[in-house]
Amino acid sequence: MSTHQTLGHHLQAFGEGIDSLMKDYVEESVLFTPDGPLTGLASIRVFFNDFLTKSPPGLLQALTVTRQDVHGEFAYLHWKAAPFIPFASDTFVVRDNKIVLQSVAFFGD
């Protein structure tokens, strides 16, 4: 599996639920968020579970990737979920088909 394929699964997993989403991470994964870094599967699961369950209705359906760049094990996504999140970006490091490092930034209500 390539970085492209791992990101493809990651984006698809948002519609499949938290268990599918968590398959992209390992215990050593680090997720940098606007509230600080999260390490390990348990804390990353809480972050994504909150995002999936506390987002306003329609946000996930409005999510659109507007740019995706991949260079080896590094990837960058620019996305939005208008009108909820007008700008967001993620940066990834993917090794052995797992996201080992991710940063996320988004602006919205």
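No value in this document is a laboratory result; all are computed from the given coordinates. Fair warning: this is a prediction, and the values are worked out from it, not measured in the lab. Glycine also receives a Cβ, built like all others from the backbone with ideal geometry; neighbour counts cover every protein chain displayed.
When only Cα pairs below 8 angstrom with a gap of at least 6 residues are kept, the chain shows a relative contact order of 27 percent.
Summarising the amide proton neighbourhood of Phe32: residues at separation of 5 or more, or on other chains, whose placed amide H is nearer than 5 Å comprise Leu38, Gln102, Ser103, Val104.
How big is the gap, in Å, between the Cα center of segment 36-66 and the Cα center of segment 78-109? So the separation of the two Cα centres works out to 10 Å. Taking Cβ atoms as reference points and 10 Å as the exclusive limit, the residues near His9 contribute a net charge of -1, counting Lys and Arg as +1 and Asp and Glu as -1. Would you mind classifying segment 1-100 by shape? Square roots of the alpha carbon gyration tensor eigenvalues, ordered a ≥ b ≥ c; an a/c under 1.5 is rounded, otherwise it is prolate if a/b is larger than b/c and oblate if not. Because a/c hits 1.5 or more and a/b fails to exceed b/c, segment 1-100 counts as oblate.
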